[in-house]
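Read through the structure below, which is laid out as structure tokens, and then see the notes.
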Amino acid sequence: MIEKERMMPEINLQLTALLRRMPKMLEGREKVWSELRKRNAGFRGEQKLDYDLSFLNEKEYRIYHGLRLSSGNQFFQIDTLLLTKRFAILLEVKNWNGTIMFEPEFHQLIRIHNDKEEAFQDPISQAEHQSRQLKKWIQSNGFPQIPIEYAVVLSSPSTIIKSPNKQISTKVIHAHRLLNKISLIDETHKLVCIQDKEIKRLNRTLLKNHVPHEVDILNFFKINLDTLLTGVHCPHCATLPVIFHWGKWHCPACKGKSATAHYQAVEDYFLLIKPAISNEEFRNFTHITSVHTAYKLLSAMNLEVGGEKKNRTYKKKK
Ligand SMILES: [Zn+2]
């Protein structure tokens with residue numbers, strides 16, 4: 001069964017919010033676009049696996065998507081982890097189009113796509129590294145050792161794989177071969193390594209220790225906070241800003257109305273600036289002038305309220 005659902009990564013949401021709030025002429029916009037395109041394609045690639053994984057025996061396989069664990073001073077993230085009482089499989093999912101060539105000697109991978117050559121870190125080394133980290137993590141949390149296998153899964157069926165080393169084909173597979181690969185691994189591990197009670201505890205410990213990846217996106221792209229566009233977008237035509245009047249947002253362009261258009265603005269604020277907003281910050285960001293109106297809008301938003309009176313802030317409920 002799916003123990004941890006696949007979620008749209010926070011950074012994809014941050015990049016989308018950033019594009020909404022970056023002036024059209026601002027330098028670096030193209031870079032944000034290309035990062036978002038790449039990450040959205042990666043996410044869609046991972047989603048494609050869900051169909052195949054849905055054929056696994058629910059009672060036998062526990063599935064975790066996007067688990068991120070600490071190995072002391074560093075973190076490691078696993079695209080998909082399959083856990084059984086006999087073994088675990090770690091899947092490293094790659095969404096690569098074109099032709100990929102493995103250079104095992106240099107632990108490097110060259111991708112040729114649209115006549116362009118690009119080098120990537122060898123995903124096999126990456127998956128090996130993660131399985132070592134996971135092994136250590138399981139040990140240091142006091143669980144019995146279980147064999148950890150891995151596979152690099154190419155989500156695009158048209159990717160051409162080239163390698164001088166035959167071994168690669170046992171580790172790198174197309175998504176449609178995934179179930180086959182899993183059943184081969186299943187065949188070779190018949191010994192139960194971890195009992196029911198222990199695997200339940202391992203499940204709880206994995207979920208409890210997941211640390212979401214937080215990125216200071218403005219800092220990452222070296223964007224000054226002051227250059228961001230403020231105001232509330234029209235939910236119908238994306239015009240910025242719409243005007244608040246008599247309890248509703250009115251769009252000067254499409255004449256559309258909305259009572260909740262500021263929800264998106266608050267979400268943008270949380271994604272781009274900080275996880276909590278005060279009445280004053282809300283007014284500055286949404287161009288609302290009245291403290292009372294701001295209070296009413298924020299209070300109706302089902303946010304977690306902290307602090308008293310002037311120091312009151314609102315943040316997203318966990
Ligand atoms: Zn509009």
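Nothing in this text is a laboratory measurement; each read-out follows from the coordinates by a stated rule. Since we're looking at a predicted model, the values are computed, not measured. Note that we place each Cβ from the backbone using ideal geometry, even for glycine, and neighbour counts take in every protein chain shown.
The angle between the Cα long axis of helix 29-53 and the main principal axis of the chain comes to about 50°, on a 0 to 90 degree scale. Extension gain, K248-S125: 0.36 nm per intervening residue step, less the Cα-Cα distance, totals 38.8 nm. Look at R62, R6 and count the other Cβ atoms within 10 Å of each Cβ; fewest to most, that gives R6, R62. Full extension of the chain between K59 and K116 gives 16.0 nm of extra length, using 0.36 nm per residue less the Cα-Cα distance. Net charge within 12 Å of I148 by Cβ-Cβ distance, Lys/Arg positive one each and Asp/Glu negative one each, not counting I148 itself? Spelling it out: positives minus negatives among the neighbours equals +2. If you take the Cα centroid of segment 17-72 and the Cα centroid of segment 260-315, the two points sit 28 Å apart.
Please say if the chain is rounded, prolate or oblate, where rounded means a/c under 1.5 for a ≥ b ≥ c the square roots of the C-alpha gyration tensor eigenvalues, and otherwise the choice is prolate for a/b larger than b/c and oblate otherwise? Prolate, since a/c reaches 1.5 and a/b exceeds b/c. Assuming a viscosity of 0.692 mPa s and a temperature of 37 °C, what translational diffusion coefficient in µm² per second does Stokes-Einstein assign to segment 1-157, Rh being the Kirkwood radius over Cα pairs? In µm²/s, the coefficient rounds to 187.
Note on the chain: with a GNM built from Cα contacts shorter than 10 Å, the maximum mean-square fluctuation among D122, D196, D79 falls on D196. The simple spin-label model puts a point 7 Å past each Cα toward its Cβ; for I160 and N141 those points are separated by 4.3 nm.
Label zone of V211 (point 7 Å out along Cα→Cβ, amide N under 12 Å): in segment 64-85 this covers 68-77. Here segment 1-135 carries DSSP beta bridges of which approximately 90% are antiparallel, counting only pairs with both residues inside. The distance linking segment 103-144 with segment 178-217 is 18 Å (Cα centroid to Cα centroid, whole angstrom).
Around the amide H of K94, modelled in the peptide plane, lie the amide H atoms of V153, L154, S155, all under 5 Å away and 5 or more residues distant in sequence or on another chain. Our coupling estimate for segment 302-318, obtained by passing each phi through the Karplus curve with A = 6.51, B = -1.76, C = 1.60 and θ = phi - 60°, is 6, 9, 7, 9, x, x, 10, 6, 5, 8, 5, 10, 10, 9, 5, 6, 7 Hz, Gly and Pro reported as x.
Going by neighbour counts of Cβ atoms within 10 Å, the residues L56, L240 line up, fewest first, as L240, L56.
Rounded to the nearest Hz, the phi-derived 3J(HN,Hα) couplings of segment 168-181 under the Karplus curve 6.51 cos²θ - 1.76 cosθ + 1.60 (θ = phi - 60°) are 3, 5, 7, 10, 10, 9, 7, 4, 5, 9, 4, 4, 4, 4, where x marks glycine and proline. Remark: segment 248-265, residue by residue, has Karplus-estimated 3J(HN,Hα) of 9, 8, 10, 8, x, 8, 9, 6, x, 10, 7, 9, 10, 4, 6, 4, 4, 5 Hz, where x stands for each Gly or Pro and the curve is 6.51 cos²θ - 1.76 cosθ + 1.60 at θ = phi - 60°. Highest-first packing order for the peptide set 227-233, 138-144 is 227-233, 138-144, based on the mean count of other beta carbon atoms within 10 Å. With the helix formula -39500 (n - 2.57) applied to DSSP H stretches of n ≥ 4, the chain reaches a computed 222 nm mean residue ellipticity of -11000 deg cm²/dmol. Taking other Cβ atoms within 10 Å as a rough exposure proxy, K171, K31, K248 sort from fewest to most as K31, K248, K171.
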